[in-house]
Every structure is written in structure tokens, then in C-alpha cells.
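Below: one structure, written as C-alpha cells.
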Amino acid sequence: MVQSVKLTNFISDEERPGGRVRVDCLHEIHFQDAVNIKKMRENTVDLVITSPPYWSIKDYGREEQLGFNDTLNEYMRKLREIFGACIRALKPNSKLCINIGDQFLRASTPPKKVYQIIPLHAMLINNLLTAFGDDIVYLGTIYWNKVTRSKTSGGGQIMGSYPFPKSGYFFINREFIALFRKLGRVKPKDKPDPILKQASRMTLPEWREFFKDTWKIPPAPQDTHMAMFPEAIPLRLIKMYSIVGNTILDPFTGSGTTNRMAGLLGRSSIGYEIGFETKDGTPWKKLLKKKIEVENQQIPFTIEEGRGKKKTRHEALLDVRNSYSYP
Ligand SMILES: C[S@@+](CC[C@H](N)C(=O)[O-])C[C@H]1O[C@@H](n2cnc3c(N)ncnc32)[C@H](O)[C@@H]1O
């Protein structure tokens with residue numbers, strides 16, 4: 001089953017009659033296992049942004065969920081299969097951005113029963129490059145510093161043999177965003193319309209901040225879905241790696257954060273989600289729809305960066321969402 005939400009964005013353009021360019025954005029959520037991305041047409045998506053389900057620590061409440069009941073090998077195999085399908089669906093020169101954290105295992109966890117970190121991000125990068133090295137290259141990793149003092153997926157703040165050496169363990173307060181580019185020649189039909197390219201321009205402060213290799217962003221309050229990433233993450237990646245009017249795919253769409261930000265930025269989106277338990281009991285499909293639809297209608301874009309000009313609602317939104325992280 002597919003749920004579609006159609007939204008329209010306008011770009012102001014003084015050179016065009018009427019002064020506005022209309023951008024219709026379609027947001028399609030497939031209530032299906034992400035493995036079905038295999039059925040999508042090849043070379044049709046402009047960007048993939050996602051955070052896959054955690055391995056073994058979070059139960060999203062569905063039997064068919066990836067990760068919770070899987071061994072590490074199964075988890076990696078399933079991710080490889082789904083990301084292989086995403087790579088196939090991507091257009092050449094388009095990017096695959098995967099937010100993933102490493103995982104802490106307690107000293108009580110069999111079979112080794114010794115404290116350890118499972119380097120999931122490194123394993124995934126290695127896995128994808130080994131399997132799809134002819135199709136993709138690795139562009140590096142953004143370190144997401146979660147700016148929090150509370151417990152994260154890495155355990156408590158003081159761990160191990162405190163106050164004595166030699167077995168203290170890190171307070172893990174970081175996740176990773178691994179970046180890949182699909183190889184191949186860009187087809188002439190995929191070259192962006194100059195007006196849409198202009199509308200996608202980033203400001204200098206945005207460029208400087210977004211292309212840092214470390215992002216300081218507080219985690220999202222987990223008030224509805226249990227593992228949402230903050231809006232600033234898809235917002236930045238969408239601005240960095242796509243053009244207004246492009247289509248963004250999230251294979252593990254969750255509450256729809258990627259789709260929502262795609263809509264706010266004048267991009268279309270496709271999501272896959274098998275369902276999850278919500279924190280407040282709202283039916284998950286309803287929550288998703290509400291999140292994608294809200295505020296999304298008729299967001300004006302401007303192609304001028306106005307010194308002294310009044311900010312559009314879009315620019316004001318960007319300011320609000322990023323003000324804590326700008327230099
Ligand atoms: C880490 S959450 C994504 C959260 C999302 N980024 C957000 O901000 O709301 C991972 C999601 O993947 C979903 N999921 C688990 N296995 C799946 C599968 N095989 N296909 C599609 N979705 C799946 C879970 O239900 C969960 O909602």
C-alpha cells in the first residue's frame with residue numbers, strides 16, 4: 001500500500017511571467033519492507049538519506065523488522081541487500097548518506113562476555129565497498145556529536161572501573177553519517193534546470209557549516225517515534241546534495257523526518273516503512289502523514305539572497321532550525 005501526499009512549492013523568479021515557478025512535490029510512503037526497493041526503476045532517485053534500525057537494541061514492535069532479532073551477520077547482510085537496491089535506484093553522481101552509530105556490548109553479553117564496541121559504521125562502509133565497489137566510491141564520514149550529557153546508545157557517562165585504572169570506557173556521544181557517491185555519467189536529461197539550480201543555492205555560512213566534518217546537533221526529542229533523527233540532519237544533507245525538484249529516498253522512513261524536510265525544501269520524497277509502536281499510541285500511519293503534511297503547503301522560495309531584504313518563511317525556518325550550530 002502506498003500513501004501519497006502532493007504538495008506545491010513556488011520559487012519566486014522575476015524573469016518569468018508571473019514571477020513564480022511552480023514546483024510540484026510528491027511524497028510517497030510505501031508501507032512495505034525496504035527490500036522492495038529492488039522493484040524501483042534503475043537510476044531514478046537523486047539522493048538517499050536514512051538511519052537504519054539499530055542492531056539488537058531497539059524493538060520497533062514488528063516481527064519483520066530488521067535488526068532487533070538478527071545476528072550481526074544477518075543484520076549486515078540485510079543492510080547490504082537494501083543498500084544495494086538503493087544504489088541501483090540512484091542516478092549517477094548522486095549520493096547515499098547513512099546515519100549509523102557504533103554499538104556498545106555490556107560485559108554480560110554472550111558469547112565473549114567482555115565489554116566491547118562493535119564498529120557498525122566501519123563494518124557497513126567496508127561491506128558496501130566490498131559488495132558494490134564498482135558502482136560507488138566512499139566520500140568520508142561526518143561525525144555527529146550529539147551535544148548531550150544524557151545516556152545514549154553507548155551506555156552511561158561513567159563506565160568501567162571508575163575511579164581506578166585500567167578499565168574505564170568512553171561515554172559514547174557520537175554517531176556517524178557515512179557518505180557515498182554513485183559512479184557513472186550524468187545523463188543530459190538529468191542536468192538541473194538553471195532556475196531550480198539557482199533556487200538551490202546555499203549561503204556561505206551554510207556551506208561553511210555543513211561541509212565541516214563534525215556536526216554539533218542535539219538529538220531530537222523522542223516524543224512520538226523512538227529513534228528519530230533531528231530535522232537538521234536531513235535538512236543539511238538535502239541542501240548539500242540535491243536540487244529543488246529532485247527526489248529523495250529514505251528506505252527506513254520512521255516518522256518521516258526525511259520526507260518532511262524534503263517537502264519543506266521543495267523536493268519530492270519516497271519512503272519505505274513497515275510500521276512501529278508510537279510513544280503516545282497515535283496510529284503510526286497517521287503520525288507519518290501528519291508530520292509530512294504539516295507546514296508544507298506553499299512554502300515560498302527565493303532565488304535572491306537579499307541583503308537587507310525581508311526573509312522569506314523558508315529562510316526564516318532555516319535560521320531557526322540551524323541557529324544553534326552556526327558559527
Ligand atoms: C532508526 S528508525 C528511522 C527513524 C527516522 N529517521 C525518523 O527520523 O523518524 C528505523 C525505522 O526502520 C523501520 N524498519 C525496520 N525494519 C524495516 C524494514 N525491513 N523495512 C522498512 N522499514 C523498516 C523501523 O520500524 C523504524 O521506524
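List of remarks:
- PHE164 being among the hydrophobic types (A, V, I, L, M, F, W, C), surrounded by fewer than 17 Cβ atoms within 10 Å (Cβ to Cβ), free of Cβ contacts under 8 Å to residues at least 24 places away in the same chain and not in a strand (DSSP E or B): yes
- Selection count, the range 278-296, where residues are near the ligand (Cβ under 9 Å from one of its atoms) and either under 14 Å from the mean Cα position of the chain (by Cα) or surrounded by fewer than 24 Cβ atoms within 10 Å (Cβ to Cβ) (or both): 2
- When we screen LEU120, LEU129, LEU96 for residues that are among the aliphatic types (A, V, I, L, M), surrounded by 15 or more Cβ atoms within 10 Å (Cβ to Cβ) and either at pLDDT below 95 or away from the ligand (no atom under 13 Å from the Cβ) (or both), the only hit is LEU96.
- When residues of the range 199-235 are limited to those that are more than 16 Å from the ligand (Cβ to nearest atom) and under 18 Å from CYS25 (Cβ atoms), the one modelled with the lowest pLDDT: ALA199
- The residues on offer are ILE158, ILE238, ILE195, and the sole one that is within 16 Å of the ligand (Cβ to nearest atom) and not hydroxyl-bearing (Ser, Thr, Tyr) is ILE238.
- Failed condition for SER56, given (1) within 9 Å of the ligand (Cβ to nearest atom); (2) more than 20 Å from the chain's Cα centre (by Cα); (3) crowded, with 17+ Cβ neighbours inside 10 Å: (1)
- Enumeration of residues in the range 60-75 that are more than 7 Å from the ligand (Cβ to nearest atom) and either more than 16 Å from ASP33 (Cα to Cα) or surrounded by 19 or more Cβ atoms within 10 Å (Cβ to Cβ) (or both): THR71, LEU72, ASN73, TYR75
- In the range 40-93, the residues that are assigned to a strand (DSSP E or B) and either at pLDDT below 95 or of a type in the set (Lys, Arg) (or both): LYS91
- Hits in the range 226-244 (condition: assigned to a loop (DSSP other than H, G, I, E, B) and in contact with a Lys or Arg (Cβ under 7 Å, 6 or more places away or on another chain)): MET226, ALA227, GLU231, SER242, ILE243, VAL244
The values are calculated or read from the model by the stated rules, or taken from the named source; none is laboratory data. Note that the coordinates shown come from a computational prediction; the quantities given were computed from them, not determined experimentally. Note that we place each Cβ from the backbone using ideal geometry, even for glycine, and neighbour counts take in every protein chain shown.
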